[in-house]
Amino acid sequence: MKYVDEFRDPAAARALAARIADEVDPARRYAFMEFCGGHTHALCRFGLEDLLPPNIRMVHGPGCPVCVLPVGRLDLAVELVTSRPEVILATYGDMMRVPGSGGVSLLTAKSRGGDVRMIYSTAQAVELARDNPEREVVLFAIGFETTTPPTAAAVKAADAAGLKNFSVLCNHVLTPAAIDAIMTTGSAESRARLDGFVGPGHVSTIIGAEAYEDAARKWEKPIVISGFEPNDLLNAIHLLVRQTNAGEARVDNAFARAVRPGGNAAAQALCDEVFALRDAFEWRGLGTIPESALKLAPAYEGFDAELKFDLQYASRPDHKACACAEILRGEKTPVECAVFETACAPEHPLGSCMVSPEGACAAYYLYGRFRDAAPRLAAAE
Amino acid sequence: MCLALPAEVVALDGDTATVNLDGVEAPVSLAFLEGVGVGDFVVVHVGYALSRVDPEIASEQIAAMKGDAAADVAAAYGES
């Protein structure tokens, strides 16, 4: 595939790895957080950590919207679709198997008679509302800035079509707020150990490279925006090593083929019109973060499912054995979770990080557990 | 969730493009992009085109990664 295969060229990958090895200072250790779950999966899938010098450690970040959605928000959707027979809950497939309170997922809710429909695009949710005028269609909207404009487009389309039976249970969250939260929650020790960030690629097509300037300056950490192919990531890590060695903290746009400095102005304008900032929002692992999420703007309140169905949010605890919170803060790796691969596996997940195709636990389970098995067994003995 | 792929635009109909992704054709909304033409590559996410792939920057990146050690990958790859 054009613009995919070229960035997976093994010879170029080896050359990039050699350059990284040439430039690292053997006397120091490097820790870089890849913010996106998509980057975590690319690192694991292509075995990139094996190409890096041993003194570079990749810390997996919270950039997986399915993973950071707290149990209480999922419970709202489960309770809505199981208590109101008129509701059709439309959701992306990623959300279906995430366990809520008592292990009840949207798939469980569906098996108990709740009308949950899996969609590929928000336009399908609007079509459902048009085709089912006697029902109430609720779009369970989750995602970072990448996924927000399609939700805004759906609200505008429903508004233009005069659809009164369409609403959005809005869980859209903001990347810069999460980077700030990483730098202000968790242990001071783990924060100080971070030398820089691999910045989101697809989020940045919307918000632009300039959106990270404040964070780079404020936290004095380099941020390098990267695409999702293996050579993109190796290149981004190379740039991070360079900045770290030079003591710099700049935003580099290493995904410039798709990311513009100011992002996508049309998408931003649409989101500004349809959404407003929430005062605060709870994230799994990061706690309640001020101004970190969106709700429907006053002009579009008629499409706000929380108002329409009088939904009251309550914080609910994660499964006791689950270490998703620490993993999302970059304080633990999946293999350090007591239930990884035993009680918690993709077929029977306890936590969101094992379910999501972007979750760190799913990445380790799919690609990393055999590599990690030998040292773990040795440590156990 | 933020998964997206570059796909080639093979036909246009108003705000909707047909893209070809490795042989699979699908409709994609161009609501957030202006000036997209047939033959352009766009980054597609949940049925929407988020940005256009800049072919010049892409080929510079590819050339730099294939080049010998003398080619400065970092510079060509868009240090801002």
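The values are calculated or read from the model by the stated rules, or taken from the named source; none is laboratory data. Keep in mind that this is a model prediction, so the values were computed, not measured. Because the Cβ atoms are built from the backbone with ideal geometry, glycine has one as well, and the counts that use them run over all protein chains shown.
Here are a few things to note about the model shown:
- If you go through region A:258-275 and keep only what is over 22 Å from the mean Cα position of the chain (by Cα) and either more than 11 Å from chain B (Cβ to nearest Cβ) or crowded, with 21+ Cβ neighbours inside 10 Å (or both), you end up with just A:GLU273.
This table checks each residue for (1) modelled with pLDDT of 95 or more; (2) within 14 Å of chain B (Cβ to nearest Cβ).
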site: A:ALA27; (1), (2): yes, no
site: A:ASP50; (1), (2): no, no
site: A:ASP75; (1), (2): yes, no
site: A:ILE88; (1), (2): yes, no
site: A:MET95; (1), (2): no, yes
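- If only residues of region B:34-50 that are at the interface with another protein chain (Cβ under 7 Å from one of its Cβ atoms), over 18 Å from A:PHE7 (Cα atoms) and under 12 Å from the mean Cα position of the chain (by Cα) are counted, the one that is surrounded by the most Cβ atoms within 10 Å (Cβ to Cβ) is B:LEU50.
- Taking the listed residues A:VAL126, A:VAL198, A:VAL116, A:VAL104, the one that is farther than 28 Å from B:ASP15 by Cβ, within 14 Å of another protein chain (Cβ to nearest Cβ) and either of a type outside the set (Lys, Arg) or touching a helix residue (DSSP H, G or I) at 6+ places or on another chain (Cβ under 8 Å) (or both) is A:VAL198, with no other qualifying.
- Residue list for region A:219-240, restricted to those being out of contact with any helix residue (DSSP H, G or I) (no Cβ under 8 Å at 6 or more places or on another chain) and assigned to a helix (DSSP H, G or I): A:ALA236, A:LEU240
- Looking only at region A:211-244, and only at residues there that are touching a Gly at 6+ places or on another chain (Cβ under 8 Å) and under 13 Å from A:THR175 (Cβ atoms), the one that is nearest to the other protein chains (Cβ to nearest Cβ): A:ILE225
- Restricting attention to region B:36-59, the residues that are touching a residue at least 12 places away in the same chain (Cβ under 8 Å) and out of contact with any Phe, Trp or Tyr (no Cβ under 8 Å at 6 or more places or on another chain) add up to 11.
- Qualifying residues in region B:12-33 (those that are assigned to a loop (DSSP other than H, G, I, E, B) and not charged (D, E, K, R)) - the one surrounded by the most Cβ atoms within 10 Å (Cβ to Cβ): B:PHE32
- Exactly one residue out of A:GLY330, A:GLY285 is within 20 Å of the chain's Cα centre (by Cα), at pLDDT below 95 and closer than 20 Å to A:SER105 by Cβ: that is A:GLY285.
- Inside region A:333-356, residues that are more than 17 Å from the chain's Cα centre (by Cα) and within 15 Å of A:CYS67 (Cα to Cα) make up a count of 5.
- Evaluated against (1) over 29 Å from A:VAL137 (Cβ atoms); (2) out of contact with any Leu (no Cβ under 8 Å at 6 or more places or on another chain), A:PRO230 falls short on exactly one condition, (2).
- For region A:178-195, filtering for residues that are more than 14 Å from every other protein chain (Cβ to nearest Cβ), closer than 21 Å to A:ARG284 by Cβ and part of a helix (DSSP H, G or I) leaves 8.
- Exactly one residue out of A:PRO349, A:PRO317 is of a type outside the set (Lys, Arg), farther than 18 Å from A:VAL173 by Cα and in contact with a Lys or Arg (Cβ under 9 Å, 6 or more places away or on another chain), and it is A:PRO349.
- Leading residue by the ranking (farthest from the other protein chains (Cβ to nearest Cβ)) among those in region B:1-17 that are among the aliphatic types (A, V, I, L, M) and touching a Leu at 6+ places or on another chain (Cβ under 9 Å): B:LEU12
- Within region A:183-207, the residues that satisfy the criterion of being within 25 Å of A:THR288 (Cβ to Cβ) and either of a type in the set (Gly, Ala, Ser) or surrounded by 24 or more Cβ atoms within 10 Å (Cβ to Cβ) (or both) are A:GLY186, A:SER187, A:ALA188, A:SER190, A:ALA192, A:PHE197, A:GLY199, A:PRO200, A:VAL203, A:ILE206, A:ILE207.
- Looking across region A:129-151, the residues that are among the charged types (D, E, K, R) and more than 12 Å from chain B (Cβ to nearest Cβ) come down to A:ARG130, A:ASP131, A:GLU134, A:ARG135, A:GLU136.
- Condition met for A:TYR300 (farther than 22 Å from A:MET95 by Cβ and either of a type outside the set (Ser, Thr, Tyr) or in contact with a strand residue (DSSP E or B) (Cβ under 9 Å, 6 or more places away or on another chain) (or both)): yes
- Lone qualifier among A:ALA360, A:ALA343, A:ALA321, A:ALA338 - being modelled with pLDDT of 90 or more and surrounded by 24 or more Cβ atoms within 10 Å (Cβ to Cβ): A:ALA360
- Residues of region A:142-162 satisfying the condition of being outside any helix (DSSP H, G or I) and surrounded by 20 or more Cβ atoms within 10 Å (Cβ to Cβ): A:ILE142, A:GLY143, A:PHE144, A:GLU145, A:THR146, A:THR147
- Residue in region A:285-292 that is over 22 Å from A:GLY368 (Cβ atoms), surrounded by fewer than 19 Cβ atoms within 10 Å (Cβ to Cβ) and within 14 Å of chain B (Cβ to nearest Cβ) present: no
- Among (1) at pLDDT below 90; (2) part of a strand (DSSP E or B) - the single one B:CYS2 does not satisfy: (2)
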